[in-house]
Structure formats: C-alpha cells, structure tokens
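The values are calculated or read from the model by the stated rules, or taken from the named source; none is laboratory data. As the structure is a computational prediction, the values presented were derived from the model and not from experiment. Note that we place each Cβ from the backbone using ideal geometry, even for glycine, and neighbour counts take in every protein chain shown. Accessible surface is based on the protein model in full, side chains and every heavy atom, while ligands, DNA and RNA are left aside. Shrake-Rupley method; radii C 1.70, N 1.55, O 1.52, S 1.80 Å.
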Amino acid sequence: MMIAPTLRKSILQAAISGRLTEQRAEDGDARDLLAAIRKEKTRLVREGKLKKEKALPAIAEDEVPFEIPENWCWARLGAVCVSIADGDHQAPPKVSNGIPFLVISNVSSGTISFENCRHVPPEYFEAIAYNRCPEYGDLLFTVTGSYGIVVPVQTHKPFCFQRHMALLKTRVINVNYLRFLLDSPLVKMQCDHAVTGTAQKTLALNALKSLLVAIPPLNEQQRIVQRLTSLHEELTALETDEQQLDALETSFPSRMKASILQAAISGQLTEREAGDGDARELLAEIDREKGRLIKEKKIKREKALPPVDEEEVPFEIPENWCWCRLGDITDLLSGQDFPSQKYNANHKGAPYITGASNIENGHVLENRWTEEPRCLAYRGDLLLVCKGSVGEMAFLPFDSAHIARQIMCFHNRHWFDMQYLHIFLLSKVASIKKDARGVIPGIDRVSIRKFPIPLPPLAEQRRIVERVEEVMEELE
C-alpha cells in the first residue's frame, strides 16, 4: 500500500484545521474577511453584475466537524465566494469556429484543455451572465459524474461551459487556499453525502453553496498555501518513488523467473559431471535416429538447416554443450484447420485443439472433437500457439488430439528431455513473440525450426529440469 496519497490527505486535513501553521495575533480575525467578502458582493449586486441571493442556512453546533483556532471561523462555501453558478442548462447552438464550450472531458485532468472542444457563436457567449462568465483566477468545480474535480481558470481566453460544472468566483479570499480546501477530505466527505442519483451522481448547486469550510485570516491562508506547495513537491517525489517500488515489486517475480530460466539454459544453474559426455555426441545420435525414421517413412526429410554461426550466439555455454537449431533436434508438426461441419461439441472422436482458447495456464482444455483427425499430437507432446496469443504452451494430456493451424506440436521422440525444451522455449517467449508477423500476429514453422538452442548432454538436461523445478517452488 502506498502511503503518499494517505499522507497527502492527512497533511491537507491538518492544514485546513490550523495544525500546519502557527496563529499570529497580527493576522486579525477571519470574520473580518467574511465581512469584506459580503461588502464585495453588495458592490457587485449594486452594479447589476449579480442578483441578491437568498440567505444561506445558519451553521448549527452539531454540524461543526472539528475544532479550529479562535481567529478562524466556519462558513458556508457560498459565503466565501462572491458567486457560485453552473453552466447553461439548455444545449447551446453549435458552430465550427467560435467561443470554446467546455465539457467534463476538457477538465478531467484538473486543468483546462481546449482540444477537441465544441464551439458556440460569439453572440451566445456575449449574452452569458457575469456569474457564468469565467475570468482568470476563478475556479471550476465539476458537479456531475466525476464530481469534485477542482480546475483553476488560468487563461484569459474566453470560454463557456456545460452545466456539469460550477464556476466559483472569488474575491478577497486566497484562491489557492480555496483550491486546497476544495480538494480536502472535509469537502470530499460532504460532497459524497450530498450527491444524488445513481447512474450519474450530481451535486446540486444549493448543496455546493452549503458546504461547510474552515476559513483562516488572509495572511495565514498565504502561509498555508506556501507550506502545502512546498510539501506537495516532496509528496510528489515520494509518490514517484513509491510507484517505482510498486512496479519493481510487481515485476520482480516474472523478472526473477526469467533470470532463473536464462541461468538454466546457459549452464549456470547446474554443475558439469564427468560422466555426462558431450552434447555433440547427442546431436549426432539424434541425427542418426532421424535418418532411421525417415527411412521407415515415419517422418519426412526436411531441408538441412545452416549451422549456428558466431554472430547468432547470444551467450556463452559450457564446453561440453553445443549450439544447434530447434529443427535439428525436434520433430515439428504444423496443424490444419477444419470447417465447422467436420468438428462437433458432442465428444465424438478425437479432441480438436483449435488455438490459444484451448490452452490456459499451461493446461489443455477440451471443447471440440473431430471424427476425422489428421494432424495428430500425442500424449507428452509439447503444443505451441503460433498465431494470435503466440508463445502459449502446454503438454498434451490426452492419448491423441488433432491440432489446428494456430498450433504447432513438438513430438516427444525421447531424443532429449522435453521438459528442457519447455524451459528453453519459456525463456525465449519474448523473442518468439517479437518474430511474430501479420495483422493477427503469427510465427511460421521455418522461423521456429531456425531458432538457435543451447544443447546440454542428456544427463545435465535432466538435472536442469530438476533444479528449475526446485527453485521455482521456492519462489512460490
């Protein structure tokens, strides 16, 4: 759990309750500040810019959530701002070019964006009342859907906005203090209790005006803003560090497993033993066995693969190991798709393995069958998804199954340890995926056969498999 967001809330709560700054006699009393705001409102009403509003409800003792310093005071948000108004409730006329008309998506980041916004005619904008006309230094506050987003108006560019936002015009009070105040747990808690609706929650304008806020004298507001701004930089740095640590902790298991697999296929996880022999002898034996099966027409002769040259070797291996290509040591079968009339869901015939949907977490799932199997994989064969979710693998647990075109099968010929092959392929999944091409990513049979593989002697292959299993169990 990251502590920066919690710490940020705690600091903000301390700030708006007077516990982050010292109180000074020379600051005066916040009640004088409220009197100055009322005077400013009266002036704007007299000038015809505002209409006289109904008095806000008095603050009852049981409404006060916590104690504040003596020279602070509790007030309704409507008494702190000279006006609070939402946007036009009627859909405005649209034009291709004109005055920007902002919606929630234009302010959802906490800043104003004029990208991809609607526009209204200049005459529509000119008719907007003063309390709905944004000015530099005002605040927008979202009240519908993603309610509670505080957005400072830091532009002189004219714009208007939809009714899902409220415009808070401030005079006298420090607007940056008000920004922090509106972001505080105190305001969020009140908004959460006041919203109505289910599908799209809405904070009514009267509820917004009635929010209870703690107001310090103006000089202390400035000190609070300075303190919070300084702490904000430190908290942001802490948040970044925590996010990086969280990402590291999240990725550690997979990175550790990748390191173990790499160590296994490079000979760093096991020791050499005198009786192991040389992998080149094993490679020659596999070649002879392949030749025998070709003569018996059990497998087809394939085009010889080029030897692995020095430029292709990605890492060093022990002296009694050797580099070869997957096609040199494996018997690889590609699948064949069937039309729908040739398979069924009634358990008739052999399982039909169509693709990645049949392979989940290393297990093979049965959901289709065919009575005309042709491309058969057998129990113990290793299946590899070669199209779509490239790199998914599983050993076939059935006696036999037909495989579709999205699957390749490594037949278990007992020439080497199939679990070692699985370990190698797991270590190279990223490379296999990288080689995938096409709109639906896929890797062809030729590319798979050409893939270089480090081949240990058979006895060490088995020790590698045992050691990897032991280490992986320790990680879980």
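Side notes on the structure shown:
- Unique match (being under 25 Å from Asn367 (Cβ atoms), open to solvent by less than 20 Å² (accessible area, probe 1.4 Å) and either under 30 Å from the mean Cα position of the chain (by Cα) or modelled with pLDDT under 90 (or both)) among Ile423, Ile432, Ile403, Ile443: Ile443
A quick yes/no check of all residues on (1) open to solvent by 60 Å² or more (accessible area, probe 1.4 Å); (2) part of a loop (DSSP other than H, G, I, E, B); (3) touching a Phe, Trp or Tyr at 6+ places or on another chain (Cβ under 8 Å):
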position	(1), (2), (3)
Thr229	yes, no, no
Thr270	no, yes, no
Ile294	no, no, no
Lys298	yes, yes, no
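- Checking each residue of the stretch 41-51 against the condition of being out of contact with any helix residue (DSSP H, G or I) (no Cβ under 8 Å at 6 or more places or on another chain), closer than 12 Å to Glu220 by Cβ and assigned to a loop (DSSP other than H, G, I, E, B) gives no match.
- Residue within the stretch 189-205 that is of a type in the set (A, V, I, L, M) and in a strand (DSSP E or B) present: no
- Counting only residues that are touching a Pro at 6+ places or on another chain (Cβ under 6 Å) and aliphatic (A, V, I, L, M), the stretch 13-53 holds 1 of them.
- Residues in the stretch 26-50 that are on the phi < 0 side of the Ramachandran plot and without any contact (Cβ under 8 Å) to a residue 24 or more places away in the chain were compared, and the one that is surrounded by the most Cβ atoms within 10 Å (Cβ to Cβ) is Val45.
- The stretch 213-249, residues that are free of Cβ contacts under 8 Å to residues at least 12 places away in the same chain, farther than 30 Å from Ala30 by Cβ and of a type in the set (Asp, Glu): Asp241, Glu249
- Count of the stretch 157-174 residues which are without any contact (Cβ under 8 Å) to a residue 60 or more places away in the chain and surrounded by fewer than 19 Cβ atoms within 10 Å (Cβ to Cβ): 2
- Considered as a group, the residues in the stretch 1-25 that are polar (S, T, N, Q) and free of Cβ contacts under 8 Å to residues at least 12 places away in the same chain include one that is nearest to Asn174 (Cα to Cα), and that residue is Ser10.
- The stretch 456-476 residues that are closer than 17 Å to Gln262 by Cβ, paired with ones that are among the charged types (D, E, K, R) and part of a helix (DSSP H, G or I) (beta carbon under 6 Å, 6 or more apart): Glu460/Asp276
- Residue count for the stretch 172-188, restricted to those that are over 23 Å from Glu63 (Cα atoms), in a helix (DSSP H, G or I) and among the hydrophobic types (A, V, I, L, M, F, W, C): 1
- Flag for Asn206 being open to solvent by 50 Å² or more (accessible area, probe 1.4 Å), of a type outside the set (D, E, K, R) and touching an Asp or Glu at 6+ places or on another chain (Cβ under 6 Å): no
- Hey, Ala258 in contact (Cβ under 8 Å) with a residue 24 or more places away in the chain, out of contact with any helix residue (DSSP H, G or I) (no Cβ under 6 Å at 6 or more places or on another chain) and within 30 Å of Asp27 (Cβ to Cβ) or not: no
- Pair list, Cβ under 6 Å, 6 or more apart: the stretch 142-156 residue at positive phi and in contact (Cβ under 8 Å) with a residue 40 or more places away in the chain, other residue open to solvent by 30 Å² or more (accessible area, probe 1.4 Å) and part of a loop (DSSP other than H, G, I, E, B): Gly145/Gln200
- Whichever residue in the stretch 310-354 is in contact (Cβ under 8 Å) with a residue 40 or more places away in the chain and among the charged types (D, E, K, R) and, among such residues, is nearest to Pro397 (Cα to Cα): Asp331
- Some residue of the stretch 323-331 being part of a loop (DSSP other than H, G, I, E, B) and under 24 Å from Arg405 (Cβ atoms): yes
- Condition check for Gly355: small (Gly, Ala, Ser) and under 27 Å from Val390 (Cα atoms): yes
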